[in-house]
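The values are calculated or read from the model by the stated rules, or taken from the named source; none is laboratory data. Everything quoted here is computed from the prediction, not taken from an experiment. Cβ coordinates were reconstructed from backbone atoms using ideal geometry, including for glycine residues, and neighbour counts include every protein chain displayed. Just the protein is used for accessible areas: all its heavy atoms, side chains included, with ligands, DNA and RNA removed. Shrake-Rupley method; radii C 1.70, N 1.55, O 1.52, S 1.80 Å.
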Amino acid sequence: MVGEAQHPTGDVGPLDGVTVLDASRVLAGPFCTMQLGDLGADVIKIERPGVGDQTRGFRPPTYGDSDESSYYLSVNRNKRSVTLDLGCEDGRAVFRRIAREADVVVENFRVGKMDAWGLGYDDLAAENPQLVYASLSGYGEWGPDRDRAAYDIAIQAEAGMMSITGPEDGAPVRVGVAIADIGAGMYTTQAVLAALFERERTGEGQKVDVSLFDGQVAWMSYMASQYFATERPPGRMGSKHPNIAPYQALTTSDGYVVVAVSSENMWPRFCRAIDRADLVDDERFATNEARVEHRDVLDPLLDAELSAYTTAEAVELLDSEGVPASPVEDLESVFDREQVRARGMRQSVDHPTAGVVEMSGTPMHFSRTPASIRAHPPLLGEHTDEVLAEYGYSPAEREAFEADEVV
């Protein structure tokens, strides 16, 4: 296909030969297209001339001494940047030409905006019936909230996530990363891959509609089931689990240790580890159901016991009995872990202005067709001339586009 991905490292991912036309910005869409790029697709990122993706301006912090936003760099590797003014007809004509050869379009404009530009699914599929067209929005393409603006914190609040996150007697807390955006980006990636697979059987593309709100409602999973079973909305419990005890952070002399006593045979081992074998025969704690029922007694008791140990000592004792336990790590210690390095989850790439940029790796591993980080997050418009040439625009046409501020 026109615009086939380049592989400077020699790695060929499972989506090699797939072209993704990326009209998304900020986080949900770019997170999706970054994953598709990691899997080998050629991702052509469309950005507004002179401004680009809004996250280019999300600074500080910047990377090193450059002006490159760390936020932008985090979700835009393995892409080629093309500046294109979709507000003018010449810009839209370029978009249509690329879309005729593309396998996937991803966009996250407000509902109806791409249709108003003549760039909606029906418009593009008329010329490319094999196209998979993914639309990401706050609330989806139908329903009473379809036209509302959406932000991650608002979605976390409205979809129930903040009602179950935070200390029991404290204010509601948003999850520390934008999980409504990232969750929707993951669902969009999954849906795009499913649509590409289905296209292999039928030869036809289709439209994919994913919303941040739907994604967060779906992520309520067992908490939603608990509500349906009891007709009582679950509340905030800090780090505790509503159905398992102890399964939480416990206080140590210098911080916290997280424990997960997730089966009955772990409880005696846990008690031995903290030198409280007597708790095994205490009828209030003999079963998980009893421990959940009596957690008002159990929790302070365990905090008192664990506070006699440092976190490192507690982890060592619990590990020795085969009880899952861990410290609460910050990102400095996370990215120093040998496990992170062994699994390739700390990666770096050379950047033309920011120098060596470090980033999280890809968690997707394949035995034959590896996912990879092949290219730095692009400079604004870095590949405009290259991509336009690939799609048949002459040097004179490209110069005219630049003169007219189409690109």
Q: Write down the percent of antiparallel bridges among all DSSP beta bridges whose residues are both part of the chain, to the nearest 5.
A: 40
**Q.** Low-density loop positions, GluC sites (Glu not before Pro), the range 165-235 - DSSP coil, at most 10 other Cβ in 10 Å
**A.** GLU168, GLU231
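Taking the Kirkwood radius as the inverse of the mean 1/r across Cα pairs, report the Rg/Rh of the chain.
Result: Rg/Rh = 1.05.
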Q) Among ALA224, ALA184, ALA125, whose mean-square fluctuation peaks in a Gaussian network model of the chain (Cα, cutoff 10 Å)? A) ALA224
(Q) Given the -39500 (n - 2.57) contribution per DSSP H run of 4+ residues, what per-residue ellipticity at 222 nm results for the chain, rounded to the nearest 500 deg cm²/dmol? (A) -10500 deg cm²/dmol
Q: Report, to the nearest whole %, how much of the accessible area of the range 77-214 belongs to carbon and sulfur atoms, 1.4 Å probe, protein only.
A: 51
Q. Computed from the mean reciprocal separation of all distinct C-alpha pairs, what Kirkwood hydrodynamic radius does the range 1-147 have, in Å?
A. 16.0
(Q) Restricting things to Cα coordinates, could you compute the convex hull volume per residue of the range 173-246 in Å³? (A) 140
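For the range 330-407, state which GluC sites (Glu not before Pro) are in a DSSP loop and have at most 16 other beta carbons lying within 10 Å of their beta carbon.
Here the GluC sites (Glu not before Pro) that fit, given the DSSP loop and packing criteria, are GLU405.
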**Q.** Listed residues TYR63, GLN206, VAL259: farthest to the positive end of the dipole of the chain (Cβ charges)
**A.** GLN206
Q. What's the Kirkwood radius of the range 113-209 in Å, using all Cα pairs?
A. 15.6
Q. Under 14 Å Cα-Cα from LYS207, which aspartates and glutamates qualify once same-chain neighbours fewer than 8 residues away are excluded?
A. ASP103, GLU107, ASP115, ASP122, ASP123, GLU141, GLU198
Q) Quick one: putting +1 on the C-beta of Lys and Arg, -1 on the C-beta of Asp and Glu, what dipole do you get for the range 330-406 around its Cα centre, in Debye to the nearest 20? A) 800
Q | Scattering curve values for the range 199-294, log₁₀ I(q)/I(0), Debye with Cα scatterers, q = 0.10, 0.17, 0.24 Å⁻¹ | A | -0.46, -0.89, -1.28
Q: Might you report the magnitude of the Cβ-based charge dipole of the chain about its Cα centre, with Lys and Arg at +1 and Asp and Glu at -1, to the nearest 20 debye?
A: 420
**Q.** Ranking by accessible area, most exposed first, for PHE270, PHE197 with a 1.4 Å probe
**A.** PHE197, PHE270
Q: For helix 311-320, report the angle its Cα long axis makes with the longest principal axis of the Cα atoms of the chain; keep it between 0 and 90° and round to the nearest 10°.
A: 80
Q) Projected onto the charge dipole of the range 141-202 (+1 at Lys/Arg Cβ, -1 at Asp/Glu Cβ, origin at the Cα centre), which of ALA180, ALA195, GLY166 gives the Cα projection farthest towards the positive end? A) ALA195
Q. Modelled label-to-label distance, GLU127 and ARG398, 7 Å Cα→beta-carbon offset: nm?
A. 2.0
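With charges only on Cβ, +1 for K and R and -1 for D and E, what is the dipole size of the range 244-382 about its Cα centre, in debye, rounded to 20? Please list the in-between numbers first.
On the way: 12 positive and 25 negative charges, 183 e Å.
Roughly 880 debye, rounded to the nearest 20.
Is the shape of the range 28-88 best called rounded, prolate or oblate, per the rule: a/c under 1.5 gives rounded, else a/b larger than b/c gives prolate, else oblate, with a ≥ b ≥ c the square roots of the Cα gyration tensor eigenvalues? Working shown, then result.
Numbers: a/c = 2.12, a/b = 1.12, b/c = 1.88.
Judged from the Cα gyration tensor, the range 28-88 comes out oblate (a/c at least 1.5, b/c at or above a/b).
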(Q) Test of understanding: what is the full-extension gain from VAL173 to ASP65, defined as 0.36 nm times their sequence separation minus their Cα-Cα distance? (A) 35.5 nm
Q. Taking the Cα atoms of the range 304-407, what is the range of coordinates along each of the three principal axes, in descending order and whole Å?
A. 76, 32, 21
**Q.** Charge dipole of the range 267-407 about the Cα centre (unit charges at C-beta), most positive-ward option of MET359, ALA389, ALA342
**A.** ALA342
**Q.** Per residue accessible area in Å² of the chain, where ligands, DNA and RNA are left out and the probe is 1.4 Å
**A.** 49
(Q) Cut-off 10 angstrom, C-alpha nodes, Gaussian network model of the chain. Which of ALA191, ALA149, ALA134 fluctuates the most? (A) ALA149
Q) Gaussian network model of the chain, Cα springs within a sub-10 Å range: biggest mean-square fluctuation belongs to which of ILE182, ILE373, ILE244? A) ILE244
Q) How large is the Kirkwood hydrodynamic radius of the range 235-365, in angstrom, based on all distinct alpha carbon pairs? A) 16.7
Q. When the Cα centres of the range 103-159 and the range 337-407 are compared, how far apart do they sit, in Å?
A. 25
